[in-house]
1. What are the residues in segment 299-317 that are buried (at least 18 other Cβ atoms within 10 Å of the Cβ) and not hydrophobic (A, V, I, L, M, F, W, C), if any?
2. Given the residues 223, 232, 242, which is the only one that is outside the structural domain of residue 71 (by TED's automatic domain parsing) and either modelled with pLDDT of 90 or more or within 28 Å of residue 355 (Cα to Cα) (or both)?
3. From the list 47, 31, 35, 63, exactly one residue is closer than 15 Å to residue 339 by Cβ, assigned to a helix (DSSP H, G or I) and assigned by TED's automatic domain parsing to the domain that holds residue 84. Which is it?
4. Restricting to segment 247-298, name every residue that is free of Cβ contacts under 8 Å to residues at least 60 places away in the same chain, surrounded by fewer than 20 Cβ atoms within 10 Å (Cβ to Cβ) and closer than 25 Å to residue 210 by Cα.
Amino acid sequence: MARTWRDLGLPTRDEVWRDLRGMRALAPSRAAKSARRATFQTSLEQAQQFMEAAAGAGYATRALHLFYAISQGGRAIAAASERLPHTAEPPAGSNRAAKIVDWRLGGHGIKTSNTEAVHISETRIRFDGYGLPQGVALAIGVELPGAQGEFRLGDLWALLPEAHDVPLSAATIAALSFDGDLVRRRTSNGHDQATLNYVPRAVRDECGDDREKIREFLDHYPSLNGWAYPFSDGNPVGWSDSPERLYSGLPIYWKYPVEGTPEFDQLIAATKATAYRTPTDHWVFPKLGNMTTPMHPLLAWWTVLLALSILTRYEPSNWGRAINIDVSPEANAIEHILDIALDVLPAIILRGIHAAIET
């Protein structure tokens with residue numbers, strides 16, 4: 001893949017592991033306490049060893065190592081979290097009792113079905129119970145879908161920012177790069193402006209300059225709330241195209257906040273986007289199902305890798321066909337994600353630890 005300015009600004013996996021290893025002797029926040037400290041330290045060591053095993057494994061088994069790595073990284077995040085233990089209230093209308101979610105987490109919390117489908121993108125995923133991913137979501141202060149909805153693996157895959165390079169399927173609700181200045185800039189019309197990149201070309205073709213259709217599309221991204229075009233209807237919205245014309249850029253605006261309000265000194269990216277692999281790597285993510293906030297990228301990766309590990313373990317013949325580069329149209333996308341995960345996972349584990357200790 002062509003290197004971008006973003007790529008050049010990202011730390012290497014070795015640099016991130018060095019930062020993670022540096023945390024272990026001086027464990028942060030709650031992880032400084034004895035029982036949590038041992039879990040934090042050992043879980044990070046296990047995560048790193050699983051990642052090293054993944055780097056040496058072929059595509060037939062790599063997903064297993066990667067899933068175990070992110071799982072152990074999640075245990076370290078929970079051990080460091082200021083938010084755990086947490087009393088999780090049951091969903092409205094549920095017969096379940098409230099549950100105390102401790103920092104010692106267990107259970108998959110995610111169920112898969114349709115794993116025998118010809119295309120792995122059609123594997124179905126449902127979030128269920130109070131498992132490890134739900135505990136990690138609480139630990140970093142974010143949301144996961146409830147048990148009512150079921151989702152295609154292909155739709156979760158599109159939430160991985162690196163999937164844009166080699167998409168698995170033609171999903172139109174995807175992670176979008178947030179290109180906004182790191183300091184507030186005021187346009188001549190009194191609005192803040194940013195550009196959403198990696199909007200699928202099919203979305204541009206469908207929406208054009210129809211603002212109602214654009215609004216329907218952006219309603220999937222709750223962090224962008226409050227946006228408005230400062231130009232009268234009938235004016236073009238200002239789409240731009242990537243060189244290969246697979247994706248488009250969409251400018252978006254928010255009315256400039258009043259001086260003296262809490263929002264006035266906040267950066268646009270800090271309030272409208274999620275920091276992904278570094279504090280300045282900003283993306284926006286859609287909500288899923290009954291969520292009111294965006295899906296967090298750590299948990300999107302978690303879900304995809306769990307599904308791939310299930311396919312690896314329990315559907316070996318189907319998995320073998322899916323990764324056969326001479327036969328499967330999905331194999332190239334699978335290889336790409338299993339390769340780039342070696343760089344992404346340590347970074348999002350580190351970001352997760354920082355999120356867990358910030359209240």
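The values are calculated or read from the model by the stated rules, or taken from the named source; none is laboratory data. Everything numeric in this text was worked out from a predicted model, so none of it was measured. No Cβ is skipped: glycine too gets one built from the backbone with ideal geometry, and neighbour counts run over all protein chains shown.
1. Correct list: 303, 309, 312, 315.
2. The match here is 223.
3. After ruling out the rest, the residue left standing is 63.
4. Scanning segment 247-298 gives a single hit, 251.
Per-residue answers, yes or no, for (1) part of a strand (DSSP E or B); (2) within 26 Å of residue 11 (Cα to Cα):
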site	(1), (2)
192	yes, no
197	yes, yes
216	no, no
229	no, no
238	no, no
253	yes, no
259	no, no
